[in-house]
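First comes the structure, then the notes that go with it.
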Amino acid sequence: MEPSIVSTISRIRGWLLIVIGSLLSVGISVIAAFLASTIAHNDQPGAAHWTGTHDFTVRVFELFAVVFLFGLVALGGGIFQLRRGRGSKLAIVVMLILVAAMFFLGQGIVSTGASR
């Protein structure tokens, strides 16, 4: 491939990582804040209610934290890729580890929710 095409693809991937990482981090923060507010005001009539157990709630917020970190790592990896013109191997490894953590946390949520 020509160097200019590789450079263009690298920039596009960098911007995609920045956009996806930013959206994930901001989006999961908003969802977590809404859920925290719902849990804090659980006793108000006519409002949304949270019926999850303590363990279930803890697992959900752990998953939110991992998704937030994944977004931050993707954002950092995208910035690195724009500046250097190549992907960050460290960011890729960390994102793969976070994907595995999300999978196991998701499995924990399913098993905790099923035991209610």
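The values are calculated or read from the model by the stated rules, or taken from the named source; none is laboratory data. Not measured: the values here are computed from a predicted model. Using ideal geometry, Cβ is built from the backbone for each residue, glycine included, and neighbour counts are taken over all protein chains shown.
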> Could we say that G27 is exposed (fewer than 15 other Cβ atoms within 10 Å of the Cβ) and assigned to a helix (DSSP H, G or I) here?
Replying inline: yes
> Going by the structure shown, is L90 at negative phi and either loosely packed, with under 13 Cβ neighbours inside 10 Å or in contact with a Lys or Arg (Cβ under 8 Å, 6 or more places away or on another chain) (or both)?
Replying inline: yes
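So if I check each of F103, F64, which one is more than 30 Å from T8 (Cα to Cα), of a type outside the set (D, E, K, R), loosely packed, with under 13 Cβ neighbours inside 10 Å and modelled with pLDDT of 95 or more?
F103
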> Within the set of pairs 6+ apart or on separate chains, which have a first residue in segment 41-65 that is among the aromatic types (F, W, Y), a second that is loosely packed, with under 12 Cβ neighbours inside 10 Å, and C-beta atoms under 6 Å apart?
Replying inline: none
> Which of the residues belonging to segment 1-10 are of a type outside the set (A, V, I, L, M, F, W, C) and either surrounded by fewer than 14 Cβ atoms within 10 Å (Cβ to Cβ) or not in a helix (DSSP H, G or I) (or both)?
Replying inline: E2, P3, S4, S7, T8
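Which residues, taken from segment 53-110, are outside any helix (DSSP H, G or I) and closer than 23 Å to L16 by Cβ?
As a first pass, look at segment 53-110 and keep what is outside any helix (DSSP H, G or I): 53, 85-88.
Correct list: G85, R86, G87, S88.
Within segment 34-48, how many residues are surrounded by 12 or more Cβ atoms within 10 Å (Cβ to Cβ) and assigned to a helix (DSSP H, G or I)?
5
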> In segment 54-61, is there at least one residue being in contact with a Leu (Cβ under 6 Å, 6 or more places away or on another chain), closer than 21 Å to A32 by Cα and modelled with pLDDT of 95 or more?
Replying inline: no
